[in-house]
Every structure is written in structure tokens, then in C-alpha cells.
Amino acid sequence: MFISTPSRTQAILERFRQVRAQTEKICAPLKPEDTVVQPVVDVSPPKWHMGHTTWFFEQFVLQEYVAGYEPFHPRYAYLFNSYYEGAGERVQRFYRGNMTRPGVDEILAYRHHVNQHMEAFLGDGVEKSAEWLSVIELGLQHEQQHQELLLYDIKYILGHNPLFPAYQEEKPAQAVQTGNAPSHDWLAVEAGTYEIGFAGEGFHFDNEEGRHRVFLEGYQVMDRLVTHGEFLEFVEAGGYQDYRYWLQEGIAWVKENGIDAPFYWFKLENGWHQVTLHGLQPIDMAAPMTHVSFYEADAYAKWKGYRLPTEQEWEVAAQKYAPEVPSEANFVESEQYHPRPRVGNDYQFYGDVWEWTNSAYLPYPFYQAPEGTLGEYNGKFMINQMVLRGGSCATPRDHIRPTYRNFFHPHLQWLFNGFRLAVHT
């Protein structure tokens, strides 16, 4: 997962400072009341994210490698452990919103305390072992994942407030376009045997390991993402009411939840609007469809006479047509926090929205979970979830690579997720 170099300790210290500061920057626009709310089980209170990402370094670095370190608070491990069985008991996920205490000021003090000890550990002039640095790097990658989750959760919290408050004021480059969807073409991949999975050096998660061969029949994928305007046609054609296009679980989900339009969409007197991190706005019809469940993406694809690509097809097409991440891709660093219409000939494989694939989240051949508690990071979730690829407007740029395997349950919509179409040739 990680290879140490002689100067890596100093480099990771600088990265530690940047990543830790970014979490607090994301939370800075929030009011204290915003940080406590947990509207649904999938949404964690922002202050819990700040505490959990701090607990990770305290639990897996300071208590493991720093002699004599004493935890900041004896009960914080119980509050901020997420799902690590090997790390002891914890508050169940659906109770995180009950934590009115500790307050935000106390959690910031906790972060400051752990940061000080981490900086002392990394800045003592002694080069750290590759094992130690790999755990720290995993902690930083983990915190960056939580920064993306923070933006999902903040949007859900503010987006379900009747006032629709804006998290961030809109920037000039974010002006809504209401024109038609950009034109599209198809990217062809010939039948054959291809290799997928991570290869080379640099950080990657264990679920990307096990480079292996796959045989694919010839296929085509659309050269851009499906847009809001295109999906609106499905809505207005009665797609949510037509069982012919839905998986059984999907149509049951639609009926049980009374769903007749996409998540965050509202039909007002002056047209369709959508909740964004900049408040309630008219839907940008040319922008990629987002906040759509796997069920909805799959139903739309069938309604159009196509299907979703598998994760193997997605990775092979991305490697063939977009081997490099384009500099103009819309990642979290742009601070636009909303998918944007296609720019030029960008195939939109990276950034804007995570793409649903028609692949269950399963281990690759040769996969082995790492030893110890950190082995729980990915492998234990390889059931009942679907794979997404690419990255979103809330994803850090250095997380983007064609082999990254994101995964969520098929009914979830609160992340920045979308899709493209595929067809066999």
C-alpha cells in the first residue's frame, strides 16, 4: 500500500498539517447547531467527523508508537470509534446525533492536542519506519474520505432545513446553465483480455490490489455523463411509475418511500429546482445528473434501451480514453461543490460525480485483508454494495485514479453520484 523513502517523514508531516487544516476549513462556515444534527442514520454530525478523524491518529499511531502517550479523554474512543470491532465498543451509528457533548470547542481542543503530539512524533528528526508511515498515510487518506463525506452530510443537513440556507455563496463560475444537454458520442472498446487493478508505486487502498486479467466482450460507453435534462425526460414520461424498467428491489424502494422525482428536486411554480450547497437553485439541465440511486440509474438506462457499464468496463475504457486525469476536472480543490456541464471534449471520467457501475463490491482475485484492526477498513464491507468509479466534485484530486473502487448501498442518494450508459457491440 505504501513505500517509504528517506525524506518521507518530513513530507508526510507537511501533508499532515494540510489535511488536518482542510477538515476544519470545511467546517468553518457552519454554526455550532449545524454540527450536531443527524437527520438520518447515513448522515453523521459534522463534529463527529472532526472527532473521529482525530481518534484515528490517537488510536492507531500515538497509542501504538509513542511511549507513555495518554489518551486525551478516557471515553472519546467510545464516542468516536466508527466500526472497528478490534478497537473496542462504540456508540452505534444511529446514536451519533445524541452527542450534544462534547461541544465543538472541546472537539477542536482534542484535535489540537492530537495534532501537537503527532507533530512532535513526526518532527523529532528520526526517520520513521515504512510500517509507521503507512499507517499515518492511511490515516490521512481516511481523513480525506471523511472530508468528502462531510460535504455530503452538510448538504443533507442544510438541504433539509426549510430555509434552504447556503453553505457557501455561489461563485461567478458557478452560474446555472439551463440549456440543452451537450452532444454525445460513444467510446468503443474491442473484445479482448485486459488487465485491471492497481499497479506501480504510490498509495492505494487494499481493495484495489490483485491486478488481474478480465475478458470483456466488445462494448461502448457514452463519452460523457447523463445530464439533469436527460433524466428529466424520464421523470416527465412517468418513469418512476413504470415498473417495467425497475429491479424488484428498486420499484419496492420507490413505492415504500413515495418517490416520484430525484433526490433534492423540487417542482416550483417557475420550474424544477434543486438543493445545492449554494442554496435552492434552478436545475442546470446541462450538468451531470447527481444524487441518484443505483436503482434510478439502472431504470433510466433500461428506459433508454441501454445499461450501466460494469466496473471492469469502466476501468478499461478510462485507461484507454483518459489515462491521465485532466487538469480542468472539477474536484474539491475548485471549491465549486457542484457538478458542472461538460467542458470541451472532456469524457468526464474523473470528477463531478461518482459513477454507478453494474458491479457488486467483491474482492479481487488474490485479495487478502491486512492483519490487525486496520484490516477491517475495506474487506468487511464486500457484500450487498455496488461499486462506483471516477470521483466527484467533493473528491480530493490526489484520490483520483482509474483503479479507485468506491462502494455504497444501491438505495443511497446523498453522495455526489451519477452515471453513464453502456451497450454491447
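The values are calculated or read from the model by the stated rules, or taken from the named source; none is laboratory data. Since this is a predicted model, take the numbers as computed values, not measurements. Using ideal geometry, Cβ is built from the backbone for each residue, glycine included, and neighbour counts are taken over all protein chains shown. The protein model used for the area step is the full one, side chains on, heavy atoms only, and it has no ligands, DNA or RNA in it. Shrake-Rupley method; radii C 1.70, N 1.55, O 1.52, S 1.80 Å.
Scanning the stretch 263-279 for residues that are assigned to a loop (DSSP other than H, G, I, E, B) and touching a helix residue (DSSP H, G or I) at 6+ places or on another chain (Cβ under 7 Å) returns TYR264, HIS278. Any residue in the stretch 155-168 that is over 30 Å from ILE283 (Cα atoms) and part of a helix (DSSP H, G or I)? No, that holds for no residue. When THR54 is tested against (1) part of a loop (DSSP other than H, G, I, E, B); (2) of a type in the set (Val, Ile, Thr); (3) more than 14 Å from LEU149 (Cβ to Cβ), exactly one condition is not met: (1). Scanning the stretch 65-112 for residues that are touching a residue at least 12 places away in the same chain (Cβ under 8 Å), part of a loop (DSSP other than H, G, I, E, B) and within 17 Å of VAL43 (Cβ to Cβ) yields SER82, TYR83, VAL91, MET99, THR100.
The number of residues in the stretch 382-399 being open to solvent by less than 20 Å² (accessible area, probe 1.4 Å) and hydrophobic (A, V, I, L, M, F, W, C) comes to 4.
Residues of the stretch 11-26 include none that is in contact with a Phe, Trp or Tyr (Cβ under 6 Å, 6 or more places away or on another chain) and either part of a loop (DSSP other than H, G, I, E, B) or among the aromatic types (Phe, Trp, Tyr) (or both). Taking (1) within 30 Å of ASP398 (Cα to Cα); (2) surrounded by fewer than 18 Cβ atoms within 10 Å (Cβ to Cβ) in turn, ASP260 satisfies each apart from (1). Do you know which residues across the stretch 314-332 are open to solvent by 10 Å² or more (accessible area, probe 1.4 Å) and either more than 18 Å from the chain's Cα centre (by Cα) or modelled with pLDDT of 80 or more (or both)? Selection gives GLN319, LYS320, TYR321, ALA322, PRO323, GLU324, VAL325, PRO326, SER327, GLU328, VAL332.
The rows are residues; the columns are (1) in a loop (DSSP other than H, G, I, E, B); (2) of a type in the set (A, V, I, L, M); (3) in contact with a Cys (Cβ under 8 Å, 6 or more places away or on another chain).
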| residue | (1), (2), (3) |
| --- | --- |
| ASP346 | yes, no, no |
| TYR350 | yes, no, no |
| ASN358 | no, no, no |
| LEU362 | yes, yes, no |
| TYR367 | yes, no, no |
